[in-house]
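The values are calculated or read from the model by the stated rules, or taken from the named source; none is laboratory data. This one's a predicted model, so the numbers in the text were calculated from it and none came from an experiment. Every residue, glycine among them, receives a Cβ derived from its backbone with ideal geometry; neighbour counts consider all protein chains shown. Each accessible area value is taken on the protein alone, full model and side chains, heavy atoms only, with ligands, DNA and RNA left out. Shrake-Rupley method; radii C 1.70, N 1.55, O 1.52, S 1.80 Å.
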Amino acid sequence: MTRRPHGAHHPDAYAESTAPLPAPELTEAECRRCGTYIAGLDGRYACGVCGWVNDHSEGHRRLPRADEDPDLPRKGRKRPERPPGPPPEARTLLGPGR
């Protein structure tokens, strides 16, 4: 796999836009390392067999910025704190007293 230089982005590639991002496209290819048939989103792949991952810059579309994320918490809002210890699902799987 060859890596693209970091300065390869055009300045207007991330121009401000109010249009919503299009839905990702499901793409398919063969893993470049082991040949397994894999699927990805917009040309970005990760092989579950050998662990190969292609570079994010090889995708068909630009990745969304953080401020374009619909799940981004509003300013001033904090994430709820998690209680200490294992998650509740792990406690039920282990059984009582473990």
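So in region 30-43, with the set limited to residues that are open to solvent by 30 Å² or more (accessible area, probe 1.4 Å), assigned to a strand (DSSP E or B) and at pLDDT 95 or above, which one is nearest to Leu63 (Cα to Cα)? Reasoning before the result, please.
Taking region 30-43 as the starting set, the residues that turn out to be open to solvent by 30 Å² or more (accessible area, probe 1.4 Å) are 30, 32-37, 39, 41.
Imposing the further condition that a residue be assigned to a strand (DSSP E or B) reduces the set to 30, 37, 39, 41.
From what's left, at pLDDT 95 or above: 30, 37, 39.
Numbers: Glu30: 22, Tyr37: 24, Ala39: 18 Å.
Among those residues, the one meeting the criterion is Ala39.
Looking only at region 60-78, decide whether some residue is open to solvent by 100 Å² or more (accessible area, probe 1.4 Å), touching an Asp or Glu at 6+ places or on another chain (Cβ under 8 Å) and modelled with pLDDT of 80 or more.
The answer is yes, given that some residue of region 60-78 is open to solvent by 100 Å² or more (accessible area, probe 1.4 Å), touching an Asp or Glu at 6+ places or on another chain (Cβ under 8 Å) and modelled with pLDDT of 80 or more.
Six or more apart or on different chains, Cβ atoms under 7 Å: show the pairs whose first residue is in region 64-77 and without any contact (Cβ under 8 Å) to a residue 60 or more places away in the chain and whose second is open to solvent by less than 80 Å² (accessible area, probe 1.4 Å) and part of a loop (DSSP other than H, G, I, E, B).
What qualifies is Pro64/Leu21; Glu68/Leu21.
Give region 1-29 a look and list any residue that's assigned to a loop (DSSP other than H, G, I, E, B), touching a Leu at 6+ places or on another chain (Cβ under 8 Å) and either open to solvent by 100 Å² or more (accessible area, probe 1.4 Å) or at pLDDT 90 or above (or both), or say none.
Quick first cut of region 1-29, residues assigned to a loop (DSSP other than H, G, I, E, B) only: 1-5, 9-10, 15-25.
Applying the additional criterion that residues be touching a Leu at 6+ places or on another chain (Cβ under 8 Å) yields 24-25.
If the condition is that a residue be assigned to a loop (DSSP other than H, G, I, E, B), touching a Leu at 6+ places or on another chain (Cβ under 8 Å) and either open to solvent by 100 Å² or more (accessible area, probe 1.4 Å) or at pLDDT 90 or above (or both), then Glu25 is the only one that fits.
Would you be able to tell me the number of residues in region 79-95 that are at pLDDT below 70 and either within 30 Å of Asp42 (Cβ to Cβ) or among the hydroxyl-bearing types (Ser, Thr, Tyr) (or both)? Working first, answer last.
The initial filter retains those residues of region 79-95 that are at pLDDT below 70, namely 87-95.
Those still in the list that are either within 30 Å of Asp42 (Cβ to Cβ) or among the hydroxyl-bearing types (Ser, Thr, Tyr) (or both) too: 92.
Summing the residues that are at pLDDT below 70 and either within 30 Å of Asp42 (Cβ to Cβ) or among the hydroxyl-bearing types (Ser, Thr, Tyr) (or both) in region 79-95 gives 1.
Identify all residues within region 44-59 that are open to solvent by 90 Å² or more (accessible area, probe 1.4 Å) and part of a loop (DSSP other than H, G, I, E, B); write none if there are none. Walk me through how you get there before you give the answer.
First pass over region 44-59, keeping only residues open to solvent by 90 Å² or more (accessible area, probe 1.4 Å): 49, 56.
Val49, the sole residue that qualifies.
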